[in-house]
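Here's the structure, in structure tokens; my notes come after.
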Amino acid sequence: MLARRLAVVTGAARGIGLAVVRHLAAADCKVLMVGRNAEAIEAAAARLQGDGLDVLPHCADVTDASAIAALAARLRREFGRVDILVNNAGIFPEARDFARPPQAASVFVVEPETVATTIDCNALAALRLLQACVPLMRENGYGRIVNVSSGMGQLSEMGGFWPGYRMSKAALNALTRLAANELAGTAIKINSVCPGWCRTGMGGENATRSAEDGASGIVWAALLPADGPSGGFFRDGKAIDW
């Protein structure tokens, strides 16, 4: 049973991350909500606490190695464990007009620095968090890790435009496969999940799904039973192609 498991959710102040926190807390998990803006993450935590949910705020920029080290130190000092890690924090700095891709989003025009910044937040931050949290999961003999990815990172259906975001999510998926291989035979499971195109600050108002819709598949992967899958790519609990 997952009662009183400790979950860490990044990008938790709004959108899909906030919905994931709400569902995990409702499933009787204590949730450490991680966000880079102190005021926003504290306000989001206060609202959920007002609903009787067991959540705590933690301000950290996931691209800052020292901030992740401080998070790891807090987890060890205050809790001695982390059971669930949801790598949800991400950015999409490239110009977005999905109906008519702007020239600025072309692989032939995009600034390489923009691509590097996106990969740092969307993939390398998840690597930093894995390295911070997996040692505690190993010590406690349990772990569930969810890398929030995107169909835009699928090599099998890779389109043009938005190279920073696409490449960052493909890299995140590679991280999932790497980690799953090294965690084989343990009680720690890791999967990538595509939440679909959701109406959030990133997805925009024209998206086809709500944040709650997107959160459901992430929560499913975060609460997998002992016989659940590891090393897969899923949407709504169903496997999709890499």
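Could you name the lysines whose alpha carbon sits less than 26 Å from that of Lys169, not counting residues in the same chain fewer than 8 places away?
Result set, ordered by chain and number: Lys189, Lys238.
Give me the one-decimal nm value for the distance between modelled label points at Gln49 and Arg100, 7 Å along each residue's Cα-to-Cβ direction.
It works out to 4.8 nm between the two label points.
Stick to the Cα atoms of segment 69-151, pair each with every other, and give me the Kirkwood hydrodynamic radius in Å at one decimal. Can you show the working numbers first?
Details: mean 1/r = 0.0671 Å⁻¹.
Over segment 69-151, the inverse of the mean reciprocal pair distance is 14.9 Å.
Could you give the accessible area per residue of the chain, probe 1.4 Å, as a whole number in Å²?
About 45 Å² of surface per residue is accessible.
How big is segment 117-242 on each of its three principal axes, counting only the C-alpha atoms and giving the largest first in Å?
The Cα atoms of segment 117-242 stretch 43, 28, 25 Å along the principal axes, largest first.
The values are calculated or read from the model by the stated rules, or taken from the named source; none is laboratory data. Owing to the predicted nature of the structure, the values given are computational and were not obtained by experimental measurement. Cβ coordinates were reconstructed from backbone atoms using ideal geometry, including for glycine residues, and neighbour counts include every protein chain displayed. Ligands, DNA and RNA are excluded from the accessible area calculation, which covers all protein heavy atoms including side chains. Shrake-Rupley method; radii C 1.70, N 1.55, O 1.52, S 1.80 Å.
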